[in-house]
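Q: Take a look at the following structure, please.
The values are calculated or read from the model by the stated rules, or taken from the named source; none is laboratory data. Note that this is a predicted model, so its numbers are computed, not measured. We place every Cβ from the backbone using ideal geometry, glycine too, and count neighbours over all the protein chains shown.
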Amino acid sequence: MPEIYEAKLIALGLELPPAPQPVANYVPTLISGDLLFISGQVSKDATGHVIAGHVGIACGGITVEQGAQAAKLCALNVLSQAKAALGSLDRIEQVLRLTGFVASHADFRDQPMVINGASDLMVAVLGDRGRHTRSAVGVASLPMGAAVEIDAIIKVR
Amino acid sequence: MPEIYEAKLIALGLELPPAPQPVANYVPTLISGDLLFISGQVSKDATGHVIAGHVGIACGGITVEQGAQAAKLCALNVLSQAKAALGSLDRIEQVLRLTGFVASHADFRDQPMVINGASDLMVAVLGDRGRHTRSAVGVASLPMGAAVEIDAIIKVR
Amino acid sequence: MPEIYEAKLIALGLELPPAPQPVANYVPTLISGDLLFISGQVSKDATGHVIAGHVGIACGGITVEQGAQAAKLCALNVLSQAKAALGSLDRIEQVLRLTGFVASHADFRDQPMVINGASDLMVAVLGDRGRHTRSAVGVASLPMGAAVEIDAIIKVR
């Protein structure tokens, strides 16, 4: 059976990073019925490099574009965890929920533009199955100083 | 069939704002089985006016009462999205979860009083079916500078 | 029938605090199908004392160890609410999701070490059934000035 969504990833010139394994008493994914829960994924690339900082240049942080790139990385890590849990991305029925946490100072208000980096990736790879509900909020700080963290609930088939 | 909960809204002198449509690659609502997921709704009224600012006058923000009004607006937007998704509020079986994000400075600790504005609205309109589990947390900042953002999971029938 | 997990709590020298009842228009727990939703629980002990403050001594806050102790308290409150809802902890099939909010200044990046206090407690008491997905984020402030707040979704049997 062709791996439709992984072919799509390749066509987009993207590669899934290895699915990070937690080093503590929790797990990256759990399936309950047709729901797949995925732990919060930070903006870390395949080499382990973290896109860090608060988003918003007015406060000395990274740009919105860099923040969107960080969110895209989170989304790739979400997909990587989904593949590790399901065997294939083709078992994704629908991405139901993304919660996007953006490291922000008090004056930053463009969290949606940042999380669009993740939303766009989901739809680019999964089409309508990637079209999710979401929340985008600005938090004080994130693990490893990451710019973005995203967790997910996915319906599987 | 009478629209019980919309009649209740009218009796309370309330009106649902139009359900905001995202302008990005995500959707306001998704149904999976009997669960309705609703994207984070910010404190924006029917005219598009956003109740903005951090809550807490000690830090130069808006009052707790203004914050509770903002949370009430979020709840109306949640109901508006639920109606758009379900056709009628009468298909709400139970509001299962509200997550309430309150724009806060480090010293603010009355997030529950703020989110009560949403909880009270839910119960005023839906009775026991509006009685939900919730979290109330203080975040650094929110989209459009909004004072409050609330997302929801609702059981439908 | 023996209460396996409560025996485990006793063996660990732990006691469940009384399940706090909300004083507002929401509920501590709701069951929908096999999912148990638990409202956000703050770091408050059986005597009502709140472990307060932001975590991170570099910013004048409490230590990571104190933060982890606060997270452990949140986890005990989650279990207390689960027991009140289910009658017995033995009805827990799997802790599916913990969302951990840590009161943090902008420079704090060790939220995972803080939330480990909750994760370790869950696994110590429930074994593999306590092994959950989670998110750990740093927020501006929490109700009652609490250091940590954690909400949960649990699969029941």
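Q: If B:Gly87 satisfies all but one of (1) under 19 Å from B:Val50 (Cα atoms); (2) without any contact (Cβ under 8 Å) to a residue 24 or more places away in the chain; (3) not polar (S, T, N, Q), what's the number of the condition it fails?
A: It fails just one condition, (1).
Q: Using the structure shown, decide if B:Val102 is β-branched (Val, Ile, Thr), within 14 Å of chain A (Cβ to nearest Cβ), within 25 Å of C:Pro22 (Cα to Cα) and in contact with a strand residue (DSSP E or B) (Cβ under 7 Å, 6 or more places away or on another chain).
A: yes
Q: Further, regarding this structure: For the stretch B:128-156: of the residues being of a type in the set (Gly, Ala, Ser) and under 16 Å from B:Gly56 (Cα atoms), which is farthest from the other protein chains (Cβ to nearest Cβ)?
A: Taking the candidates together, the pick is B:Ala147.
Q: Continuing with this model, one more query. Restricting attention to the stretch A:20-52, report how many residues are touching a helix residue (DSSP H, G or I) at 6+ places or on another chain (Cβ under 7 Å), small (Gly, Ala, Ser) and in a loop (DSSP other than H, G, I, E, B).
A: So the answer is 2.
Q: If I go through the stretch C:56-87 residue by residue, how many of them are surrounded by fewer than 19 Cβ atoms within 10 Å (Cβ to Cβ) and touching a Phe, Trp or Tyr at 6+ places or on another chain (Cβ under 8 Å)?
A: So the count comes out to 2.
Q: Something else now. Restricting to the stretch A:24-44, and then to whatever is in contact (Cβ under 8 Å) with a residue 12 or more places away in the chain and surrounded by fewer than 16 Cβ atoms within 10 Å (Cβ to Cβ), can you tell me which residue is nearest to the chain's Cα centre (by Cα)?
A: Filtering first and then ranking leaves A:Ile31.
Q: Another one. Taking C:Asp110, is it of a type in the set (Asp, Glu), touching a residue at least 24 places away in the same chain (Cβ under 8 Å) and either within 10 Å of chain A (Cβ to nearest Cβ) or within 16 Å of A:Ala24 (Cα to Cα) (or both)?
A: yes
Q: Are any of the residues in the stretch A:45-55 buried (at least 18 other Cβ atoms within 10 Å of the Cβ), closer than 30 Å to C:Val156 by Cα and within 14 Å of chain C (Cβ to nearest Cβ)?
A: No; the residues of the stretch A:45-55 include none that is buried (at least 18 other Cβ atoms within 10 Å of the Cβ), closer than 30 Å to C:Val156 by Cα and within 14 Å of chain C (Cβ to nearest Cβ).
Q: Quick check, is C:Glu149 surrounded by fewer than 24 Cβ atoms within 10 Å (Cβ to Cβ) and touching a strand residue (DSSP E or B) at 6+ places or on another chain (Cβ under 9 Å)?
A: no
Q: Right, another one. With respect to C:Ala58, determine if the residue is outside any strand (DSSP E or B), more than 17 Å from C:Ile150 (Cα to Cα), modelled with pLDDT under 95 and among the aliphatic types (A, V, I, L, M).
A: Answer is yes for this residue.
Q: All but one of (1) more than 30 Å from C:Gly53 (Cα to Cα); (2) without any contact (Cβ under 8 Å) to a residue 40 or more places away in the chain; (3) of a type in the set (Val, Ile, Thr) hold for B:Val95; state the number of the condition that does not hold.
A: Among (1) more than 30 Å from C:Gly53 (Cα to Cα); (2) without any contact (Cβ under 8 Å) to a residue 40 or more places away in the chain; (3) of a type in the set (Val, Ile, Thr), B:Val95 violates only (2).
Q: Give just the number: which of (1) more than 7 Å from every other protein chain (Cβ to nearest Cβ); (2) under 25 Å from B:Gly56 (Cα atoms) does B:Asp120 not satisfy?
A: So B:Asp120 meets the others, but not (1).
Q: Considering only the stretch B:5-23, how many residues are more than 12 Å from B:Gln81 (Cα to Cα) and surrounded by 15 or more Cβ atoms within 10 Å (Cβ to Cβ)?
A: Selection size over the stretch B:5-23: 5.
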